[in-house]
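Engineer: Before we start, here is the structure in question, set down as structure tokens.
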Amino acid sequence: MRTLNQTAREHDVHHDNPADTILKLHRLISQLISEVESLDHAFLPNSEAFLSDHIGDICFYDEVKRFEIALISAALRKSGGNQLYAAQLLNLNPTTLNAKIKQYELRHIGVLMRS
């Protein structure tokens with residue numbers, strides 16, 4: 001995953017004329033929007049709960065659990081099993097992420113990613 005600084009350096013706008021600078025900034029913004037949209041789709045699980053016509057069949061806590069597991073699993077896959085990087089992706093304290101991994105018994109995901 002590229003950082004904003006890396007992306008900005010690739011589109012050096014300091015020495016261009018104003019029209020070129022605007023064009024480069026437009027391209028950069030488009031790329032950043034695409035990256036954010038791809039992250040949204042990668043991290044948001046499809047939930048049958050949101051498609052269900054039977055609202056009484058949905059348990060809020062089960063859906064939250066399922067959502068957290070999907071987010072954590074996606075972050076661990078994206079980070080190659082690196083919990084520190086996964087915590088950064090999720091904007092979580094690494095200790096909190098580790099506790100969730102233990103709570104949901106997701107240790108196998110990190111191990112599988114490292115092998």
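Engineer: Once you place label points 7 Å from the Cα toward the Cβ at Arg107 and Ile22, how far apart are they in nm?
Structural biologist: 5.9 nm
Engineer: Rank-order 81-92, 97-108 by packing density, defined as the average count of other C-beta atoms within 10 Å over each peptide's residues, highest first. Provide the component values of the computation, followed by the final result.
Structural biologist: On the way: 81-92: 17.2, 97-108: 14.5.
Per-residue Cβ counts within 10 Å, averaged per peptide and sorted highest first, yield 81-92, 97-108.
Engineer: Could you check the spin-label model distance between Phe60 and Thr96? Points 7 Å from the Cα along Cα→Cβ, value in nm.
Structural biologist: Once both label points are built, they end up 1.9 nm from each other.
Engineer: Can you tell me which lysines have their Cα less than 25 Å from the Cα of Lys65? Leave out same-chain residues fewer than eight positions away.
Structural biologist: Within the straight-line limit of under 25 Å, Lys65 reaches these lysines: Lys78, Lys100, Lys102.
Every number in this text was worked out from the coordinates using simple rules, so none of it is lab data. Computed from a predicted structure; not experimentally measured. Positions of Cβ are generated from backbone atoms using ideal geometry, with glycine treated the same way; all protein chains shown enter the neighbour counts.
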